[in-house]
Amino acid sequence: MKTLDQLRIATVQPDLYWEDRPSNRSHLQNLINKSMPNPVDLIILPEMFTTGFTMNAETNAEPAKGETLLWMRSLASELDAALCGSIIVREKDRYYNRLYFVWPSGDFETYDKRHTFSYVGEDQFFESGVDRLIVQYRGWKLCPLICYDLRFPVWSRNTEAFDALIYVANWPASRTRAWDTLLPARAIENLCYTIGANRVGRDDNDILYLGRSVILDPLGECIAQLEDGAEGLVTGTLEKKELGKIRNKFRFLDDRDAFVLKS
C-alpha cells in the first residue's frame, strides 16, 4: 500500500438531477473526466450525489451493494484514486444516508449519517448511524462525515489523531454563513485539514445551493475554493510536513478533554 507525504484531493461540485441516479452518475463522471487537471489520490462527491437531498427514501434507495457502488468501484480502479460520497441505501427494510469510501482496489468502507436532519424530517425516514469511521488511506487518517454532522463538534472531535475531516453535504444557500463559519472552526479546533464538498443549483423543493466547496488547512485558512454557483472541481494538496509543523508549534490537542460518546 502506498504511503504518501502529500495527498492530492479533488472535490466535485455538481448540479444534480432530481432523483435520477443514472443521469447523476453520468454527469459526475463527465465532470471528473473534463475537469481533472492532474491525477489525484482522493475524489470527494457530495451528500446524496445520485438523487439530491430527498426524503423519498423508498423510491430512491439502492441495495447496499447496488449499481452506484459498482460505478464507484469501476471509476476508482480506472483513476487509481479513492472515491467517497453518500447515497440512499436500503438494508433490512431500513433506509440509511450512507457514505461509501471506495479504494482503488474496489474494497470499501461505510459510514451512516449520525445526525439525521430533523429540521426537514430526515429522522422520520432514515436510521441514524452509530459508529464513526476513521479511514487509513495511503498513510493518511481520514474522518468522513455527512452534512448536518458539521454542527456537532463533539462528534467531529479529533480523538484518534486523524489528519483530515471530510464533510459531504447538500448545504443550502440560506445557511451559507453557518457553512462558512463551522468548517474553519472544525479545522482550527481539531488542528486538521478540513474539506467541505457541496452541490450547486436548485432542487425540486426549490432549495438553492451555492456550493462553496472548500479545502482548508489546519489553521482554517483556505487552500482552494470554487466561485459561488459554479460546477467543477476544487483541487488541492494536503501536506504531512505542514500538518506536523503546525501541530508541533500549536500543541492544543495535548490539552483536549477526555470523554466517551454514548449511542
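FYI, it's all coordinate maths here, none of it is from the lab. Every value quoted in this text rests on a predicted model; they were computed, and no experiment measured them. Cβ placement follows ideal geometry from the backbone for every residue including glycine, while neighbour counts extend to all protein chains displayed.
Only one of the values (1) 0.98; (2) 0.93; (3) 1.01 was calculated from this structure for Rg/Rh (Cα atoms, Kirkwood Rh); name its label.
Label of the calculated value: (2).
Once phi is turned into θ = phi - 60°, what whole-Hz ³J(HN,Hα) does the Karplus curve with 6.51, -1.76 and 1.60 give for every residue of the stretch 47-61, x standing for Gly and Pro?
For the stretch 47-61, the Karplus-derived couplings read 5, 6, 6, 9, 9, x, 7, 10, 9, 7, 5, 4, 6, 10, 6 Hz, x marking Gly and Pro.
Helix-derived [θ] at 222 nm for the chain: sum -39500 (n - 2.57) over DSSP H runs of at least 4, divide by residue count, nearest 500?
Roughly -7000 deg cm²/dmol at 222 nm, from the helical runs in the chain.
Tell me the trypsin sites (Lys or Arg not before Pro) within the stretch 1-31 that lie in a loop according to DSSP and have at most 15 other beta-carbon atoms within 10 Å.
Passing sites in the stretch 1-31 are 2.
Excluding residue 31 itself, calculate the net charge of residues whose Cβ lies under 14 Å from the Cβ of residue 31, where each Lys or Arg counts +1 and each Asp or Glu counts -1.
It works out to a net charge of +1.
Please return the longest stretch of the chain lacking exposed loop sites, where GluC sites (Glu not before Pro) count only if DSSP places them in a loop and at most 14 other Cβ atoms lie within 10 Å.
The longest such stretch corresponds to 1-159.
Considering only DSSP beta bridges with both partners in the stretch 6-253, what is the antiparallel share in %, to the nearest 5?
65 percent
Taking loop as defined by DSSP and a crowding limit of 15 other beta carbons within 10 Å, which trypsin sites (Lys or Arg not before Pro) in the stretch 70-104 fit?
92
Please give every one of the lysines within straight-line cross-link reach of residue 240, meaning a C-alpha to C-alpha distance under 25 Å, and leave out same-chain neighbours fewer than 8 residues apart.
2, 141, 249
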